[in-house]
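Beneath this line is the structure, given in structure tokens, with notes to follow.
Quick note: the coordinates plus some simple rules give every number you see, no bench work behind them. As the structure is a computational prediction, the values presented were derived from the model and not from experiment. Backbone-built Cβ (ideal geometry, glycine too); neighbour counts: all protein chains shown.
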Amino acid sequence: MVAIKSLLSAALFASSAFGAAILRRQTECGNTYYSADAINAALNQGYDYYSNGEEAHSYPHQYNDYEGFDFGGVSGPYQEFPILSSGRLYRGGSPGADRVIFNTNGELAGVITHDGASGNDFVGCSGTS
């Protein structure tokens, strides 16, 4: 009986950890849903610009985290890069309200938005607090 309880506890823990990883990789910013694929595409585009010393209309650029987000153990320094609700990759022009945040190693830290924030501040999209 003890072995069954231990096995069930381990399975529950594993499924909870796996579920958290899935939720962390998709998000909602206000009424806009971004799939894991969309987030990863924006992340990869931004990191490619960063690692090649290039930019599109001043992005990516340093993100200072004045709001004090908890990026789940992903340490800075951070860069911000637009993620577009149209599903297109940002190549210049209006960046919209939403951003992927990544560190200089290309690790996703979170997704944030200007929507619902005061001034030029950001608030976290679901999964970023």
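If I ask for residues that are more than 14 Å from Y47 (Cα to Cα) and in contact with a helix residue (DSSP H, G or I) (Cβ under 8 Å, 6 or more places away or on another chain), which ones from the range 88-125 would you list?
The answer is V111, and nothing else.
Go through the range 56-69 and give me each residue that's over 20 Å from T128 (Cα atoms) and buried (at least 19 other Cβ atoms within 10 Å of the Cβ).
If the condition is that a residue be over 20 Å from T128 (Cα atoms) and buried (at least 19 other Cβ atoms within 10 Å of the Cβ), then Y59 is the only one that fits.
Filter the range 70-129 down to the residues that are polar (S, T, N, Q) and without any contact (Cβ under 8 Å) to a residue 40 or more places away in the chain, then identify the one that is surrounded by the most Cβ atoms within 10 Å (Cβ to Cβ).
Q79
Please name all residue pairs, on different chains or six or more residues apart, with Cβ atoms under 6 Å, provided the first residue is in the range 30-55 and is more than 14 Å from N103 (Cα to Cα) and the second residue is surrounded by fewer than 19 Cβ atoms within 10 Å (Cβ to Cβ) and among the polar types (S, T, N, Q).
Short answer, once both residue conditions are applied: T32/S85; S35/Q26; A36/Q26.
When you scan the range 48-84, how many residues do you find that are in a loop (DSSP other than H, G, I, E, B), in contact with a helix residue (DSSP H, G or I) (Cβ under 6 Å, 6 or more places away or on another chain) and either within 25 Å of S126 (Cβ to Cβ) or not acidic (D, E) (or both)?
Total meeting the criteria: 2.
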